[in-house]
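Colleague: Take this structure, written in structure tokens, and hold onto it; I'll ask about it next.
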Amino acid sequence: VALTSLILARGGAVLAALIVNLITSVGQLLAIWLIYRWRFAPDFAPPGASLRLIELLRRAWPFAVAALLAALQLRLSIILLEIFAGISAVGIFAAAYRFIDAGRLIPGALFGALLPALAARTADPQQRNRLFRRALIGLAGFGVLAAVGFSVAADPLIALIYGPAFAESASILPLLAWGLLFNLMRGGVTLYLYAVARAGLANRIAAGMIVIQAALSLWLIPTQGVVGAAFGWLVAEIAAVLALWRIVSARR
């Protein structure tokens with residue numbers, strides 16, 4: 001955080017700050033691994049441990065790809081905004097997007113429990129599908145409430161939190177808020193696909209969504225600025241939900 005703040009305070013680019021974040025994250029991972037090897041690693045490897053590790057890595061690979069795609073989608077709009085609209089547009093967009101991050105907190109707790117709950121019901125598809133429907137209805141209901149609330153209160157919220165300098169953020173908060181609805185539904189459907197061992201398919205949909213978001217952003221940001229970035233994110237989320245829902249409906 002300190003290095004990122006220093007870069008931005010000195011007028012550095014957002015891309016440079018993201019690179020620093022990546023480097024520090026790699027450093028943290030390396031430090032954790034060294035601590036594990038020093039204090040917690042066993043003195044011997046049980047028979048077949050290397051094979052089990054390879055199998056574990058193979059199964060974990062789709063989740064690593066999913067994390068990479070999620071990070072790319074999160075930063076795509078910011079990077080393209082800086083390139084085509086300038087650093088001030090990045091600030092306007094980021095200010096509105098903070099409310100979306102806040103809106104994800106409660107559903108994020110649900111996601112943490114939903115995947116193991118769905119996976120535990122693999123042997124009983126009816127029970128698993130019943131749980132999935134309840135979770136999706138809950139996510140949709142929360143998303144609608146959040147979207148309506150943020151849309152109605154966009155102007156006073158931005159004015160209260162950021163002040164008049166960020167008034168333009170209120171114009172994109174409703175677009176991002178409705179995008180949150182589809183983002184939450186996409187998260188729920190994606191977890192269902194993880195539970196039925198179709199993580200690779202979910203990742204292909206996510207990659208396609210990023211392509212759509214990038215194409216729309218490249219088209220709209222040069223002329224529409226932050227509104228174009230928000231609209232591109234919204235349309236990409238809608239497209240991903242429609243594709244995922246079609247696949248899940250065919251399976252059930």
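Taken together, the values in this text are just the output of simple stated rules run on the coordinates, not laboratory data. Just so you know, these numbers come straight off a predicted model, no measurement behind them. Cβ coordinates were reconstructed from backbone atoms using ideal geometry, including for glycine residues, and neighbour counts include every protein chain displayed.
Colleague: If the chain between A197 and A109 were fully stretched, how many nm would it gain, using 0.36 nm times the residue separation less the Cα-Cα distance? Before the final figure, lay out the partial values.
Modeller: Numbers: separation 88, 0.36 × 88 = 31.68 nm, distance 2.18 nm.
Between A197 and A109, full extension yields 29.5 nm more.
Colleague: Under the definition of Cα pairs under 8 Å and six or more residues apart, what whole-number percent is the relative contact order of the range 62-251? Write out the running numbers ahead of the final one.
Modeller: Values: 213 pairs, mean separation 58.9, N = 190.
Normalised by residue count, the contact order of the range 62-251 is 31 percent.
Colleague: Between S88 and A215, what FRET efficiency comes out of the Förster formula 1/(1 + (r/R0)^6) with R0 = 25 Å and r the beta carbon distance, rounded to 0.05?
Modeller: FRET efficiency, A215 to S88: 0.55.
Colleague: Which distance in nm do the two modelled labels at A140 and Q224 give, with both placed 7 Å along the Cα-to-Cβ direction?
Modeller: Each label point lies 7 Å from its Cα, and together they span 2.6 nm.
Colleague: Sticking with this structure for a sec: Of L18, S249, L180, which is farthest towards the positive pole of the chain's charge dipole, taken about the Cα centre with +1 and -1 on the beta-carbons of Lys, Arg and Asp, Glu respectively?
Modeller: Of the options given, the answer is S249.
Colleague: If you don't mind, another one. Take the Cα pairs of the chain, get the Kirkwood Rh, then feed it into Stokes-Einstein at 4 °C and 1.567 mPa s and tell me D in µm²/s.
Modeller: 64
Colleague: GNM, the chain, Cα, under 10 Å: largest mean-square fluctuation among G91, G149, G187?
Modeller: Maximum fluctuation in the GNM of the chain, among the listed residues, is at G149.
Colleague: How big is the dipole moment of the range 62-251 about its Cα centre under a simple scheme where the beta carbon of each Lys and Arg is +1, that of each Asp and Glu is -1, and everything else is neutral? Debye, nearest 20, please. List each step's numbers first, then the result.
Modeller: On the way: 13 positive and 6 negative charges, 188 e Å.
Dipole about the Cα centre, nearest 20: 900 debye.
Colleague: Listed highest first by mean packing, meaning other Cβ atoms within 10 Å per residue, what order do 106-113, 225-232 come in? It would help to have the intermediate numbers written out before the result.
Modeller: Numbers: 106-113: 13.5, 225-232: 24.1.
Top to bottom by mean Cβ count within 10 Å: 225-232, 106-113.
Colleague: For the range 108-252, what does the alpha-carbon gyration tensor say about shape, rounded, prolate or oblate, given a ≥ b ≥ c as the root eigenvalues, a/c under 1.5 as rounded, and a/b over b/c as prolate?
Modeller: Oblate, because a/c is 1.5 or more while a/b does not exceed b/c.
Colleague: Still on this structure, please answer the following. Quick one: if you stick a label point 7 Å off each Cα along the C-beta vector at W38 and R59, how many nm between them?
Modeller: Those two pseudo-labels are separated by 3.1 nm.
Colleague: Could I ask something else about it? In nm, what is the difference between 0.36 nm times the number of residues separating I247 and L18 and their Cα-Cα distance? Can you show the working numbers first?
Modeller: Numbers: separation 229, 0.36 × 229 = 82.44 nm, distance 3.44 nm.
My answer for the length gained is 79.0 nm.
Colleague: For the chain, which DSSP H helices look membrane-span-like by this rule: Cα extent along the axis of 30 Å or more and mean Kyte-Doolittle of at least -0.5?
Modeller: Values: long enough: 14-35 (32 Å, 2.23); 49-85 (52 Å, 1.39); 125-152 (40 Å, 0.55); 169-195 (38 Å, 1.21); 199-224 (36 Å, 1.17); 226-251 (38 Å, 1.57).
Membrane-span-like by this criterion, though nothing is claimed about a membrane: 14-35, 49-85, 125-152, 169-195, 199-224, 226-251.
Colleague: Between R204 and S25, what FRET efficiency comes out of the Förster formula 1/(1 + (r/R0)^6) with R0 = 30 Å and r the beta carbon distance, rounded to 0.05? Each step should come with its number before you reach the end.
Modeller: Working: r = 26 Å, r/R0 = 0.85.
Calculated value: 0.70.
Colleague: When a/c is below 1.5 the answer is rounded, else prolate if a/b is larger than b/c, else oblate, so apply that to the range 47-155 with a ≥ b ≥ c taken from the square roots of the Cα gyration tensor eigenvalues.
Modeller: On the way: a/c = 3.82, a/b = 1.38, b/c = 2.76.
Here the range 47-155 falls in the oblate category.
Colleague: Grab the Cα-Cα distance for Q127 and A167, subtract it from 0.36 nm times how many residues apart they are, and report the gain in nm with one decimal. Don't skip to the end; give the middle numbers.
Modeller: Numbers: separation 40, 0.36 × 40 = 14.40 nm, distance 4.76 nm.
That pair, Q127 and A167, stretches by 9.6 nm at full extension.
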